[in-house]
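Report on the following structure.
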Amino acid sequence: MRLVRAKIENFRLLRDVEIGFEESTTLIVGRNNSGKTSIAELFRRLLSGGSLAFRLEDFSLGCHESFWLALQAYRADPEAVDILELLPSIRLVVDIGYDTDAPDLGPLGNCIIDLNDECEEARLEFRFGPKAAAPEAFFASHITPLDNVADDRARFFRDLSIRLPAAYAGTLEAVDPNDATNRKTLETKMLTTLIGGGFINAQRGLDDDTIRERDVLGKVVEVLFQSALTDDIDADRRTTAEQLKEVVETIQGDVHNSFNSGLTSLLPTFDLFGYPGLADPGLVTETSFDVNKLLKDHTRVRYRGVNGMTLPETYNGLGTRNLVYMLLQLLRFFREYQATPTSAGVHLIFIEEPEAHLHPQMQEVFIRQLERVAAAFVAQLNADRPWPVQFVVTTHSPHMANEARFESLRYFLSVPDGEGMRRSLVKDLRQGMSGTHPDVREFLHQYLTLSRCDLFFADKAILIEGTSERLLLPSMVRKTDAAAVGQAQLSSQYLTVMEVGGAYAHRFFGLLNFLELRTLIITDIDSVAPNDKNKRVAVPVAQGTFTSNACIKDWFEPDVSPAELLAKAPDERVNGNRRLAYQIPEQDGGPSARSFEDAFILANPGMFELGEGDQATLAYEHASEQKKSSFALEHAIENTEWDTPRYIVEGLRWLAEGNPAPVLAPEDVAAGLVAGVTGVDLADGGQSHNG
């Protein structure tokens, strides 16, 4: 039994998304504020066994207008029957896969209501929606609008936020996957009966050496103790737990007989107070030892030291403490599952940002070892009885993302959802890459793993040819930004730069399109012409009849000539979110370079002594004599007063535009952040604006 997919509506950024789950580990990646935390929070609300209440703030901003439209409908006709349908609901639909040949499906059997013998999934729908009396509760006091619409809306939504929790309720239904009208009402607790939840939060309080150590690790010890008492596999473990319990019970007997009698003698007799009519009630003391509280509140996990000393947890580094904490939590979740008589058929464990405080290699090891740890629990602690666990890991780590297979990645993307609002899109790479040739898919995975590329977390991407472009690109970005005063600043955006070469850039096109990532491909025109043996060799652009660049040939056509490439209009070099940048003349009608180095020379003729003759040919010959890394380092560090080649300037300016594209320079952005947090305006001489 496993969770196959979930469809979520109207919860925070998750306006309308569907996410598929892998059998073992699903990795959720994406930029900040793209909805990754929202999905964990929704499942936490529903699987933690607490109240199923939500607030107005939990509803997607994009659906708030539905409340307002419902109010307008009520004002037009309070008796209208469709007003209830106008009110939005938070919905979670989950599909649970099961084995049709299983002898016993447990509680899930009550949720299977379809008659299709070939159907292997059961569907549950949780809905936090309006009660029948919700329209009157929301709208009755707002029947007469205020003159000012803004004030009217503000008053209504302020009232709505107060009244919504009482006017809405959670419901759970089993739904026929083949017929949505065939439904069966269930108790909401059935959700936690079928799906167990475990959550390791991103904010783990690792720097807190007081509360966290007692509450978290003490709780783990408590769970381990309770599960040991009912362990039917490891008799030694069960015996140890029973002996510990017996010790506590013996102490409890001594406390009751000796300690309490002495403590009772310290209480005064009530005739001491001389209060008329007050008989002595016969007060006695009773002090008890609760083994659970003893473990949870008064047991600490410490590290062995020397000379009989033990060291507190805070004496270890944050990385080690984080790893130990996560592993103990996983053991706790397993033992809780093991100790439950009627365990859930699916155990869903969310781990938020496990990379915190871990160095890159440890991050890669963690994602590799996660499934092995679960397998070890099953083999060593559960006599190979299965643990139906599915891990959902949210991360900002390229090391973890690139270590995982494409099929396990779910890419969260934030897109506009009306004025000033955003919503999440979920890109399932299992589906999105399914049509990609296996060789290309394997190449992309190996490249991203080897290069530690942060493609899944960037705002925009630049694909470049080689070392020279990589070393000089930061300077070229700064120079083009400085020349574009008042325009979008690329240096204020999160870029990922990938050195892929012209032979491989086109292999990324499918992935880039799927991720909807605005991308600039900086490549070389690579002009060639057949020699006397009819073999194509490198020649200056003016002498070329073909290009050897695989990326350019894929973009246009295989036999495109350099002359045709120079004649291409700018919009022909743009395809959706991708733009191709190859060498063009610095001035219209002028000579064109073949590669980056000779383009750099033609853009800065005063820095190089080329002499008389065809400048493109001379620049090409001069560039061929240069060692690329030395050439780039010299102009990145020593001779920094130069102009960026035109084809790169035009490409970078195109990339800077588009969402997200802040106009402010980085220093202005930093000043704004400081002012927002501290109230001090750096641009105003450090003056406080807090009064």
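The numbers here are math on the coordinates, done by the rules we state, and not lab data. Predicted, not measured: the structure shown is a model, and the values here were computed from it. So basically every Cβ, Gly included, is an ideal-geometry build from the backbone, and we count neighbours across all protein chains shown.
Could you tally the net charge around Asp571, taking each other residue with its Cβ under 13 Å from the Cβ of Asp571, Lys/Arg +1 and Asp/Glu -1?
Once positives and negatives cancel, what remains is +2.
Got a sec to turn the phi values of segment 619-625 into Karplus ³J(HN,Hα) couplings, 6.51 cos²θ - 1.76 cosθ + 1.60 with θ = phi - 60°, whole Hz, x for Gly and Pro?
So the J values, rounded to whole Hz, are 5, 4, 5, 5, 5, 5, 8.
Restricting to Cα atoms and excluding each atom paired with itself, what does the Kirkwood estimate give for segment 459-660 in Å?
For segment 459-660, the Kirkwood estimate is 17.3 Å.
Around Met607, under 10 Å between beta carbons, what's the net of Lys plus Arg minus Asp minus Glu among the other residues?
It works out to a net charge of -3.
Quickly rank 391-403, 148-160, 66-78 as a protection proxy: mean count of other C-beta atoms within 10 Å, highest first.
For the peptides 391-403, 148-160, 66-78, the packing ranking is 391-403, 66-78, 148-160.
List the relative contact order of segment 482-616 as a percent without decimals, with contacts defined as Cα pairs under 8 Å and 6+ residues apart.
22 percent
Near the amide H of Gln390, under 5 Å away, which other amide H atoms are found, from residues 5 or more places off or on another chain, if H is placed in the peptide plane?
The list, which skips near neighbours in sequence, is His347, Leu348, Ile349.
Using amide H atoms built in the peptide plane, which far-off residues or other-chain residues are under 5 Å from Asp417 H to H?
Arg422, Arg423
Could you let me know the centre-to-centre spacing of segment 512-559 and segment 432-482, using Cα atoms, in angstrom?
The distance from the Cα centre of segment 512-559 to that of segment 432-482 comes to 19 Å.
Highest mean first, what order results for 603-616, 495-508 on Cβ atoms within 10 Å?
495-508, 603-616
Order these peptides, 407-416, 106-115, by their mean beta-carbon neighbour count within 10 angstrom, highest first.
407-416, 106-115
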